[in-house]
Amino acid sequence: ICGGAGHYSVSVPYKHPWFGKLWPCVCQADRIQAGRVKWLAEFGGLMPHEQAIGLSDLVDRGDCTREMIAEGRRFAESPFGILTLWGSWGNGKSALLAALVNHFNALSFRSAIYMRMTDLLSAIRAGFNDRAALDSDDRYRLLLNIPFLAIDEVDKANMTAWAFEFRTRLLDDRYRMARSGLAHTALALNFNPAELPEHIHDRLRWGEEVDYGFRIVYNGDPSARPSGI
């Protein structure tokens with residue numbers, strides 16, 4: 001179709017949305033798919049030692065941590081949409097996210113990704129560059145369709161107007177997919193999710209009064225970091 005150029009344009013009138021737009025040719029399908037796989041692999045997010053964390057490695061250090069680990073294991077056995085962890089620093093929230101990512105990736109390779117909110121926003125912003133291999137819309141679709149997405153430090157990102165709008169869109173889309181059983185999400189943050197905009201908090205607590213609903217878990221146990229854990 002493209003005559004070897006790799007892309008083509010459509011003959012449409014001036015001011016048409018497709019006027020001047022270049023479309024990738026079908027001959028580029030394999031290259032494009034390889035680029036998508038490579039991009040997702042680069043944003044796996046876990047350090048080497050974190051890739052070895054299993055659910056059995058999580059340490060019970062108090063009542064809150066015990067409840068959090070139990071909910072994490074229940075999620076691993078039968079994912080229930082969205083699991084939100086919040087509370088003080090260093091008590092295992094990120095470790096649980098890593099363990100869940102490793103668990104789901106062991107079941108199906110590259111079906112799960114861990115990202116901090118700041119890194120996620122940066123990855124999408126990079127797609128606005130004209131020279132980017134994948135544009136922002138393509139990057140968003142790839143992240144949106146990850147079967148299990150773990151987002152850490154939800155409350156640490158600088159919420160510009162664009163970031164606020166993006167976060168709202170992403171969490172709403174993941175909520176809708178969770179309700180349909182198409183994808184599952186785990187979040188971790190330090191402040192109470194009730195302090196998030198109400199339209200976000202209301203989605204995170206869907207079905208919290210029934211066994212099959214989403215879960216918000218508080219962990220107020222002290223940090224394990226001083227003891228070297």
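The values are calculated or read from the model by the stated rules, or taken from the named source; none is laboratory data. What you see is a predicted model; the values in this text were computed from it and never measured. All Cβ positions, glycine included, derive from the backbone under ideal geometry; neighbour counts span all protein chains shown. Accessible surface is based on the protein model in full, side chains and every heavy atom, while ligands, DNA and RNA are left aside. Shrake-Rupley method; radii C 1.70, N 1.55, O 1.52, S 1.80 Å.
One residue stands out in region 195-209 among those that are open to solvent by less than 50 Å² (accessible area, probe 1.4 Å) and within 20 Å of the chain's Cα centre (by Cα): the one that is nearest to Ser88 (Cα to Cα), namely Leu196. Taking region 122-150, which residues are farther than 20 Å from Val101 by Cα and of a type in the set (Val, Ile, Thr)? Passing the criteria: only Ile124.
Restricting Asn190, Asn219, Asn145 to those that are touching a helix residue (DSSP H, G or I) at 6+ places or on another chain (Cβ under 9 Å) and at pLDDT below 95 reduces the list to Asn145. Does Tyr212 satisfy the criteria of being open to solvent by 80 Å² or more (accessible area, probe 1.4 Å) and more than 19 Å from Ile69 (Cβ to Cβ)? Considered against the rule, which asks whether it is open to solvent by 80 Å² or more (accessible area, probe 1.4 Å) and more than 19 Å from Ile69 (Cβ to Cβ), Tyr212 comes out as yes. For beta carbons closer than 7 Å, sequence separation of 6+ or different chains, a first residue in region 55-75 that is farther than 11 Å from Leu100 by Cβ and a second that is open to solvent by 90 Å² or more (accessible area, probe 1.4 Å) and of a type in the set (A, V, I, L, M), the qualifying pairs are Val59/Ile229. Scanning region 150-180 for residues that are open to solvent by less than 80 Å² (accessible area, probe 1.4 Å), touching a residue at least 24 places away in the same chain (Cβ under 8 Å), of a type outside the set (A, V, I, L, M, F, W, C) and more than 11 Å from Met117 (Cα to Cα) yields a count of 5.
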